[in-house]
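What follows is one structure encoded as structure tokens, with my remarks underneath.
The values are calculated or read from the model by the stated rules, or taken from the named source; none is laboratory data. Model, not experiment: these values are computed from the prediction. Here Cβ is always computed from backbone atoms with ideal geometry, including for glycine, and neighbour counts include all displayed protein chains. Note: areas computed on protein heavy atoms with side chains; ligands, DNA, RNA excluded. Shrake-Rupley method; radii C 1.70, N 1.55, O 1.52, S 1.80 Å.
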Amino acid sequence: MAHIDFGVDEKQFPGITGPMRYRPETAKPLNELAEVLLRAPHSLPAGERELIAAYVSGRNECNFCCASHSAFAAAQLDDGMTLVEQVRADLDTAPISAKLRALLRIAGAVQVSGRNVTTELVADARANGATDLEIHDTVLIAAAFCMFNRYVDGLGTFAPVGQDAYAESARRVVEVGYGAAVNA
């Protein structure tokens, strides 16, 4: 049970969805941020941006965010959950582009501390084709997901077990986006 009563059934509104129902005035800007970072037109495909969110959430041990964003990434990546699991298990051997690997290394550094992002990490990302916008947004996705992870876990929210529990929310997010999916 969550640390506070959100006024909803936690099993029906797990993870971040309960707190967002509880405080719709804060949910709106948080959903808008997620929408811009993860779904808006961008040179990085949405599936890769979701993978960054899942990767950071996994490193933060946030079960709900890791499972949900893994599902959202998998729904938008050609190799689906297999690729997500490979990246989360071993970034160095996962079958991804050098650019995405370099961006995920930046995201991993941000997860520890923003000050862990070095000029060498940025130079490596650039050398592998990352643009300044992609580097910027990777840092912001990682930082935002550290906040989202702490929001979810700090309130002790319920996280369903098993990837099947996230399939419907993945379908909704891919189809209609964050604000509409959370308020459905």
Taking Cα pairs under 8 Å and at least six residues apart, what relative contact order does the range 95-151 come out at, in percent? 42
Helix 132-154 axis, angle to the chain major axis (alpha carbon atoms, nearest 10°): 30
Exposure rank, largest accessible area first [L155, L104; 1.4 Å]: L155, L104
Where a ≥ b ≥ c are root eigenvalues of the Cα gyration tensor, a/c under 1.5 meaning rounded, otherwise prolate if a/b exceeds b/c and oblate otherwise, the range 1-63 counts as oblate
Taking the 0 to 90 degree range and rounding to the nearest ten, how far is the long axis of helix 24-38 tilted relative to the main principal axis of the chain, both from C-alpha atoms? 30
Alpha-carbon gyration tensor eigenvalues x 5, square-rooted, for the chain, Å: 27, 17, 15
Return the sequence-ordered ³J(HN,Hα) values of the range 119-124 in whole Hz as given by the Karplus equation 6.51 cos²θ - 1.76 cosθ + 1.60 applied to θ = phi - 60°, using x for Gly and Pro. 4, 5, 4, 5, 4, 5
Would you mind working out the accessible area per residue for the chain, using a 1.4 Å probe, and quoting it in Å²? 48
Can you pull the one-decimal nm distance between simple spin-label points at E25 and M81, each 7 Å off the Cα toward Cβ? 4.0
Just the number, please: carbon plus sulfur as a percent of the accessible area of the chain, 1.4 Å probe, no ligands or DNA/RNA counted. 54
